[in-house]
Amino acid sequence: MQAKIIRTAVLLGGLLAAGAAAAHPGHGGHTLTDGLAHAFALDHLLAVLAVGLWAVLALPVGRAWQGPTLFLLALPLAALLGLTGFMLPFMQWALALSVLLFGVLLLLAATRQRLPLGVGLTLVLLAGLLHGLSHGFAAPGAGLAAYALGIVAATAALHGAGMLLGLGVQRWLSERSRQIAVTGLGGAMLAGGGLLLAGHLAA
């Protein structure tokens with residue numbers, strides 16, 4: 001059973017790493033479908049899944065909703081600032097670093113070395129602000145409402161997927177197998193974030 005989990009984690013890491021070359025598709029769309037699709041850009045996809053997964057594994061029982069909720073609230077708020085034309089330097093690097101950050105958080109969760117609740121949630125909030133600012137800055141002028149709705153809806157669905165994965169890990173795996181699985185997922189997140197960052201540095 002444990003060997004199967006390890007193989008699955010390694011395969012997932014390879015798939016995520018292989019997809020890193022497609023890290024950030026264009027922002028030219030202006031429909032609901034374009035917004036939905038853009039949420040699956042690799043940096044956003046990995047970060048959002050990790051938030052849901054980490055929230056279930058690291059936050060107290062009954063409070064896992066706080067991580068995804070903070071991210072979802074930060075996303076449109078920061079996007080409004082991005083719409084004004086404000087942008088931080090090296091934003092793509094920062095987005096890749098947010099993926100690396102969540103990889104570290106998952107590795108900490110695997111070893112039960114949890115950050116203080118306030119620290120972890122603050123990091124989630126900051127990541128949500130970064131992703132929202134990026135989306136707002138690059139958002140199209142026409143069809144903005146539908147595009148934004150698509151991103152928020154897909155982000156919420158991805159949060160849910162991450163939370164379901166976390167619940168499955170908690171309920172169906174033994175403590176040892178759970179540690180191996182979460183370590184593999186954290187490692188995959190680090191691999192994806194590292195390749196994203198390397199790609200931006202080489203660009």
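Values in this text are rule-based calculations from the coordinates and carry no lab data. Remember, predicted model here, so these are calculated numbers, not experimental data. When we count neighbours, we look across all protein chains shown, and the Cβ atoms used for this are built from the backbone with ideal geometry, even at glycine.
The protection proxy used here, the mean number of other Cβ atoms lying within 10 Å of each residue, ranks peptides 155-166, 171-182, 55-66, 80-91 as follows, highest first: 155-166, 55-66, 171-182, 80-91. Multiplying the residue separation of Thr122 and Phe40 by 0.36 nm and subtracting their alpha-carbon distance yields 27.2 nm. Distance from the C-alpha centroid of the stretch 131-151 to that of the stretch 93-120: 27 Å, rounded to the whole angstrom.
Rounded to the nearest whole Hz, the Karplus-based 3J(HN,Hα) values (6.51 cos²θ - 1.76 cosθ + 1.60, θ = phi - 60°) of the stretch 71-78 follow the sequence 4, 5, 6, 5, 4, x, 4, 5, with x at glycine and proline. Projecting label points 7 angstrom from Cα along Cα→Cβ for Gln113 and Thr33 puts them 4.7 nm apart. Farthest toward the positive end of the dipole of the stretch 28-202, out of Gln179, Ile151, Leu53, is the Cα of Gln179, where the dipole comes from beta carbon charges about the Cα centre. Here the 3J(HN,Hα) profile of the stretch 119-131, calculated from phi with Karplus coefficients 6.51, -1.76 and 1.60 at θ = phi - 60°, is 5, x, 5, 5, 5, 4, 4, 5, 5, x, 5, 4, 5 Hz, Gly and Pro shown as x. Computed from point charges on the beta carbon alone (+1 for Lys and Arg, -1 for Asp and Glu), the dipole magnitude for the stretch 28-202 about its Cα centre is near 540 Debye.
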